[in-house]
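Comments concern the structure below.
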Amino acid sequence: MKDIEGKALGFAITFTIDASAPQYAGDLDQDVVVDRLATAAGGLGSSSEYLFQTCQGLRSNGLRDAELEHLASLVRIAHEDQGGSGPRSQAY
């Protein structure tokens, strides 16, 4: 990934969504989203770690996403409610 001057910014993995796919869940209640983010994991790590790192990455570049930060705070609370069984690093 490069900026407008051609300077390398880093590398990124992106995830895309096909809203017409049968696996697409559509609009979910916030409680369901938080539960899935707090507990789901795959080959690239946990969903919550990805969320926390995304928030941190945005902030380190001077950007804030209020909705993502709100979800991150709710996921952190869910981890605490589960006895701290969240990802290895919750410092976002």
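The values are calculated or read from the model by the stated rules, or taken from the named source; none is laboratory data. It should be emphasised that the depicted structure is a prediction, and the values quoted were computed from it without experimental measurement. All Cβ positions, glycine included, derive from the backbone under ideal geometry; neighbour counts span all protein chains shown.
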Quick one: in region 59-75, which of the residues that are more than 19 Å from LEU44 (Cα to Cα), among the hydrophobic types (A, V, I, L, M, F, W, C) and under 11 Å from the mean Cα position of the chain (by Cα) is surrounded by the fewest Cβ atoms within 10 Å (Cβ to Cβ)? LEU68
Is at least one residue of region 19-36 at pLDDT 95 or above, in contact with a Phe, Trp or Tyr (Cβ under 6 Å, 6 or more places away or on another chain) and surrounded by 12 or more Cβ atoms within 10 Å (Cβ to Cβ)? no
Selected residue (criterion: surrounded by the fewest Cβ atoms within 10 Å (Cβ to Cβ)) from residues of region 39-58 that are among the aliphatic types (A, V, I, L, M) and assigned to a helix (DSSP H, G or I): LEU58
Residue satisfying all of: in region 78-92; assigned to a helix (DSSP H, G or I) and more than 15 Å from the chain's Cα centre (by Cα); modelled with the lowest pLDDT among these: ASP81
Being of a type in the set (A, V, I, L, M, F, W, C) and touching a strand residue (DSSP E or B) at 6+ places or on another chain (Cβ under 7 Å) is the filter; apply it to region 2-39 and report the residue that is farthest from LEU74 (Cα to Cα). ALA8
Tally up the residues in region 16-37 that are assigned to a helix (DSSP H, G or I) and aliphatic (A, V, I, L, M), please. 4
